[in-house]
């Protein structure tokens with residue numbers, strides 16, 4: 001049985017079959033690792049003779065070279081043991097070592113390496129510990145280097161933290177000693193190779209059909225929409241879905257720390273921030289990219305996440321004719337995201353009156369979509385909230401749609417439904433001017 005299959009079974013909680021030949025722990029710790037290391041080093045040298053091959057050709061070449069190697073070195077191994085070692089070495093050379101099987105499992109949404117022998121994963125919103133592990137801390141470091149090097153990022157003692165991405169867009173964070181006390185730590189938030197659609201979110205129970213149609217109309221009518229929520233609440237996935245509603249003819253500029261958005265429109269320019277080099281120079285921040293995007297004749301500006309002084313430039317853009325902006329931010333509620341944006345504007349270093357900042361926010365943002373991760377692990381849009389105006393020193397908000405929680409089933413699943421508060425948005429006239437009508441049935445007071 002291959003390591004991939006065994007790891008997959010471990011992840012899914014099923015034990016290997018009794019008749020499956022497996023290496024004992026003692027043998028794996030000695031002979032397995034000795035032969036694996038020898039084969040690994042042999043293949044590293046031999047593959048240098050065949051440069052420029054794609055991954056499929058390299059896989060076939062690895063099997064071919066491994067067969068030749070085992071004729072000399074592995075005569076005492078069974079066929080299954082040889083295949084297990086080949087699978088392991090292939091993952092080491094072409095993929096991400098022991099965690100490759102976790103990353104290939106479509107049911108797993110996050111992989112967390114706390115220590116070389118502590119690997120956790122998230123499946124259906126629940127975190128569990130995996131049986132797989134790395135050999136040592138250096139093994140973890142090699143995998144981290146393999147992830148960050150292709151995209152021009154670096155990690156070492158002088159720069160011990162890094163944000164990166166995998167080729168499929170999955171988000172990666174790595175932190176190493178001296179900041180990480182137990183050893184290198186790696187966190188990978190996976191994204192589907194096929195981007196989610198609005199039908200997927202409806203199927204997951206993130207929102208209902210009425211809310212989906214309402215949000216589609218709002219995006220197409222060029223309202224400025226801000227998505228708020230906590231860590232792991234699904235903000236980026238929702239942003240990706242809402243961005244898909246932007247008409248194909250419009251020019252879109254996306255701005256991200258690490259490129260994660262997958263849009264299918266034709267006219268897209270993707271921008272990505274850059275950390276400082278080893279001399280501490282050359283940093284390009286999100287704020288720099290937002291400023292530059294304004295000179296690129298954008299129809300839409302989509303910022304992956306606002307977390308600093310770029311909030312001021314984003315508000316300025318929304319207030320100076322660049323309508324239809326989309327972005328996300330961390331917050332616990334629609335009201336909290338306004339407070340956070342206010343704080344982030346102050347981080348820009350200008351001594352602006354609080355009332356002036358709040359006026360900018362109230363005039364810039366039309367709609368807040370708040371998403372939360374529930375206790376049962378599901379993600380739901382709990383509020384779709386309209387931003388009205390400034391009355392005194394307070395920004396007035398009104399909820400249009402909410403998730404009404406009613407309890408839990410015996411197995412811990414949340415019970416609830418999405419309801420309208422019965423209030424029609426004040427921007428209804430703007431939507432109608434764009435050719436859209438809001439059916440009265442959407443706003444029957446189910447509240």
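The values are calculated or read from the model by the stated rules, or taken from the named source; none is laboratory data. Note that the structure is predicted; figures quoted are calculated from it, not measured. Note that we place each Cβ from the backbone using ideal geometry, even for glycine, and neighbour counts take in every protein chain shown.
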For segment 439-446, state whether one or more residues are without any contact (Cβ under 8 Å) to a residue 60 or more places away in the chain and closer than 23 Å to residue 314 by Cβ.
no
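Each row is one residue, and each column tells you yes or no for (1) at pLDDT 95 or above; (2) surrounded by fewer than 19 Cβ atoms within 10 Å (Cβ to Cβ); (3) not assigned by TED's automatic domain parsing to the domain that holds residue 141.
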residue: 215; (1), (2), (3): yes, no, yes
residue: 224; (1), (2), (3): yes, no, yes
residue: 240; (1), (2), (3): no, no, yes
residue: 297; (1), (2), (3): no, yes, yes
Please determine whether any residue of segment 246-261 is under 30 Å from residue 444 (Cα atoms), surrounded by fewer than 18 Cβ atoms within 10 Å (Cβ to Cβ) and assigned by TED's automatic domain parsing to the domain that holds residue 415.
yes
For residues that are in contact with a strand residue (DSSP E or B) (Cβ under 8 Å, 6 or more places away or on another chain), assigned to a strand (DSSP E or B) and surrounded by 15 or more Cβ atoms within 10 Å (Cβ to Cβ), tally how many sit in segment 141-162.
1
Please find, within segment 49-67, the residue that is farthest from residue 83 (Cα to Cα) out of those that are over 35 Å from the mean Cα position of the chain (by Cα) and surrounded by 12 or more Cβ atoms within 10 Å (Cβ to Cβ).
65
Just for strands (runs of 3 or more DSSP E) wholly inside segment 217-283: which have at least 3 residues that are farther than 24 Å from residue 155 by Cβ and touching a residue at least 40 places away in the same chain (Cβ under 8 Å)?
225-229, 252-256
Complete set of residues in segment 130-140 that are free of Cβ contacts under 8 Å to residues at least 40 places away in the same chain and either crowded, with 16+ Cβ neighbours inside 10 Å or not in a loop (DSSP other than H, G, I, E, B) (or both)
133, 134, 138
Could you list, in sequence order, the residues of segment 170-182 that are under 17 Å from residue 96 (Cβ atoms) and part of a loop (DSSP other than H, G, I, E, B)?
170, 176
Taking residue 383 as meeting all but one of (1) without any contact (Cβ under 8 Å) to a residue 60 or more places away in the chain; (2) within 24 Å of the chain's Cα centre (by Cα); (3) more than 25 Å from residue 222 (Cβ to Cβ), write down the number of the exception.
(3)
Can you find a residue that is modelled with pLDDT of 80 or more, touching a strand residue (DSSP E or B) at 6+ places or on another chain (Cβ under 8 Å) and within 26 Å of residue 192 (Cβ to Cβ) anywhere in segment 88-100?
yes
Would you say residue 167 is assigned to a loop (DSSP other than H, G, I, E, B) and either in contact with a strand residue (DSSP E or B) (Cβ under 9 Å, 6 or more places away or on another chain) or in contact (Cβ under 8 Å) with a residue 40 or more places away in the chain (or both)?
no
Please verify whether residue 187 is at pLDDT 95 or above and within 17 Å of the chain's Cα centre (by Cα), treating the condition exactly as stated.
yes
Report, ordered by the first and then the second residue, all pairs with beta carbons closer than 6 Å, sequence separation of six or more or different chains, a first member in segment 424-438 that is in the same structural domain as residue 222 (by TED's automatic domain parsing) and surrounded by 13 or more Cβ atoms within 10 Å (Cβ to Cβ), and a second member that is at pLDDT 90 or above and not in a loop (DSSP other than H, G, I, E, B).
425/386; 425/400; 431/217; 436/217; 438/428
Whether any residue in segment 198-205 is within 20 Å of the chain's Cα centre (by Cα), in a helix (DSSP H, G or I) and buried (at least 21 other Cβ atoms within 10 Å of the Cβ) is what I want to check.
yes
